[in-house]
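The values are calculated or read from the model by the stated rules, or taken from the named source; none is laboratory data. The model shown is predicted, which means the values in this text are computed figures rather than measured ones. Ideal geometry is used to build each Cβ from the backbone, glycine not excepted, and the neighbour counts take in all protein chains shown. What goes into the accessible areas is simple: the full protein's heavy atoms, side chains included, and nothing from ligands, DNA or RNA. Shrake-Rupley method; radii C 1.70, N 1.55, O 1.52, S 1.80 Å.
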Amino acid sequence: MSLTKDAKRGMLRTMLRIRRVQERIESEYLKDEMKTPVHLYIGQEAIATGVCATLRKDDAINSNHRSHGHYLAKGGDLKAMMAELFCRTTGCSKGYGGSMHLVDVEHGNLGTSAIVGGGIPIGTGLGLAFQMQKLDRVSVVFFGDGAADEGTLYESLNFAMLKNLPVVYVMENNGWAVCSPTATRHCGDNVFHKGAQDRLFSAKIDGNDPEAVYETTLKAVERARRGEGPSFIECTTYRILGHAGCVSQDPKGYRDPAEIESWRERCPVCAYQSKLQAEGVVNASFLADVEAEIAAEIDVAFDFARQSPLPTAADLHKYLFCE
C-alpha cells in the first residue's frame, strides 16, 4: 500500500520530533537535572517511525534501553516522558523507572526493559495472550544487535514459530553493542534469515529509509493479523552518538571518526526531508511550521518536568507488588 502525502508528512514530522527531543536532552544532560542514564536514538529515527506507522493504538510494543524513539512514535506523551527523565512523580513511570523504563499503556507501549533482550520474551508472551484471547492485535518487539547474542531471542522466536504467534521482532542493527562491533560477535547474517520460511517471514532492510521500514513492517503486521505467524526484520542503521549519555561522555578510540562521519552524512532525518522536498510533498514553509511547533512542545515538556514534584520518602513503598 503506497503512502499518501499526508502519511509521508506525518512520518517526517515524527522523525523530526524524535530528533529534536533527543538533541534537547543531549544539550542539557550535563546540567545533571536528569538523574537517569540516557541512551539516545539519534540516527535510528526511521525505524521507530516506520514500524509504529503500521500499528493501531491497541497493538503492543516492547522496547529496550534506547526507547525514546519507540515511545514517541507509538504516541507516548512527551511531557510524561520528560518528567520521567527528571524522575518526577508526574513521569510515565511515576519517577520510579527513568529513561530505560518508559511506559504508556493507553497507547500500547507496555514497557521497556534495561535488561539486554529483556523485552523479547515479554513481547512474545503478549502475542500468545492476544492469540489465546482471539484479539486482533499484534505485538512488536524492538531490540538491538547486542540482544541477538542472548539466548532468549532464539527461545522466543522458536516458541513464536511453534505457536504461530502474531509477533514482529524488529532488530535495530546499529553496528555496536556498547563498544563491541557486530562483526566480532556475529558470524555472517543472523540465523533467522535462513530459518524456516514457512513459519517465519524474514527480511533485512535499510533501517535509514522510513518508507522501506514501513512497507516491510506492514507486510509482517498484516501477516500476523491473518494468523500466519511471526516475522523477523533486521534494520541496518547506526547510532550517531555514543552508547549512553551525551557526546562528551562517549569513550574515545573505539570507533573510527570517519565511520561516524560517513553515517552522519546518511542521516535518515535529513535524507527523508530532502526526498520529500524533491517530491513536492513538503516545502520550506511547512518545515518551518513543524519545527516551530516541535520546539514549542519541547519547551512545554521541559518546563512541566522541572515544575513537577519529586517523590517523597512516603512514596518509597508505593506501587510495589505484594501478596
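Between Ser285, Ala46, Thr124, the Cα set farthest toward the positive side of the dipole of the chain (charges on each charged residue's Cβ, about the Cα centre) is that of Thr124. Taking a straight line from the alpha carbon of Lys74, these aspartates and glutamates sit under 12 Å away, with near neighbours fewer than eight places off in the same chain left out: Asp58, Asp59, Asp104, Glu106. Placing +1 on the Cβ of every Lys and Arg and -1 on the Cβ of every Asp and Glu, with no other charges, gives segment 5-308 a dipole of roughly 540 debye about its Cα centre.
Straight Cα distances below 27 angstrom link Lys252 to the lysines Lys31, Lys35, with same-chain residues fewer than 8 positions distant left out.
Backbone geometry of segment 208-219 corresponds, through the Karplus equation with coefficients 6.51, -1.76 and 1.60 at θ = phi - 60°, to 3J(HN,Hα) couplings of 9, 10, x, 6, 5, 4, 4, 5, 5, 5, 4, 4 Hz, x marking Gly and Pro. Per residue, the chain exposes 44 Å² of solvent-accessible protein surface, assessed with a 1.4 angstrom probe and all protein chains in place.
In terms of accessible area, using a 1.4 Å probe and ignoring ligands and nucleic acids, Glu26, Glu265 rank largest first as Glu265, Glu26.
Counting Cα-Cα pairs of segment 1-122 in 10 Å increments starting at 0 gives whole-percent bin shares of 14, 46, 32, 7, 1.
With contacts taken as Cα pairs under 8 Å and at least 6 residues apart, the chain reaches a relative contact order of 23 percent.
By a straight-distance test (C-alpha under 20 Å), which aspartates and glutamates pair with Lys204 as possible cross-link partners, with residues fewer than eight away in the same chain excluded? Correct list for Lys204: Glu45, Asp145, Asp149, Glu150, Glu172, Asp189, Glu215, Glu222, Glu228, Glu234. Ordered by 1.4 Å accessible area with all protein chains kept, Val247, Val51 run largest first as Val247, Val51.
The orientation-averaged projection of the convex hull spanning the C-alpha atoms of segment 5-308 amounts to 15.2 square nanometres. DSSP beta bridges fully contained in the chain are about 10 percent antiparallel. What you get for segment 172-283, charging only the Cβ of Lys and Arg (+1) and of Asp and Glu (-1), is a dipole of about 320 debye around the Cα centre. Of the trypsin sites (Lys or Arg not before Pro) found in segment 119-226, those that fall in a DSSP loop while having at most 16 other beta-carbon atoms within 10 Å are Lys134, Arg185, Arg199, Arg226.
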